[in-house]
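Q: One structure coming up, written as C-alpha cells, with questions to follow.
The values are calculated or read from the model by the stated rules, or taken from the named source; none is laboratory data. Every value quoted in this text rests on a predicted model; they were computed, and no experiment measured them. For neighbour counting, all protein chains shown are included, and Cβ atoms are generated from backbone atoms with ideal geometry for every residue, glycine included. We work out accessible area using only protein heavy atoms, side chains counted, and drop any ligands, DNA or RNA first. Shrake-Rupley method; radii C 1.70, N 1.55, O 1.52, S 1.80 Å.
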Amino acid sequence: MSDHLTPTTSGRGFGYLPKIPSEYGGHVAVHESSSAEGPHIWLRATEEMPGKEPVQAAIHLTAESAWRLSEQLQKLVREHYQGDATPEWAR
C-alpha cells in the first residue's frame, strides 16, 4: 500500500491518513469521524504562511459526499486544461 494511503489509528480506533502538503504552505488531511449517523469523514485544510498563525477549516462529509469529492478531484486532474496530469501509476 502507498504511504499516503497507510493510516495510523487514534486511541479511539479511528483511521487518520497522512497529511498531503500544499504547494503554497499548509496541508490537507482526512480522517474517520465518530458520527453515530453513519460513516462520515473529516477533511481539514490548514494554511501555514510565514509570520502568521495557521488557519484551519474543517469540513464534515458523509461517505457519499466524500466519494463525490474524490470523483471531482480525479476528473479535474484527468481533464485539466493544461493537459492530462494523471500520473502513470494512476492510469
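Q: With all pairs of different alpha carbon atoms counted, what Kirkwood hydrodynamic radius in Å does the stretch 4-49 show?
A: Computed over Cα pairs of the stretch 4-49, the Kirkwood hydrodynamic radius comes out at 11.5 Å.
Q: At 1.4 Å probe size, with the rest of the protein present, what percent of the exposed accessible area of the chain is carbon and sulfur atoms?
A: The nonpolar share, carbon plus sulfur, comes to 57 percent.
Q: From the P(r) of the chain, can you give the percent of Cα pairs sitting at distances over 16 Å?
A: 67
Q: Rounded to the nearest 20 Debye, what is the dipole magnitude of the chain about its Cα centre when Lys and Arg each give +1 and Asp and Glu each give -1 at the C-beta?
A: Taking the Cα centre of the chain as origin, the dipole is about 100 debye.
Q: May I ask you to give the solvent-accessible area per residue for the chain, in square angstrom, as obtained with a 1.4 angstrom probe?
A: The answer is 82 Å² per residue.
Q: Right, next: Over the chain, calculate the relative contact order: mean separation of alpha carbon pairs under 8 Å at least 6 apart, over the residue count, as a percent.
A: 15
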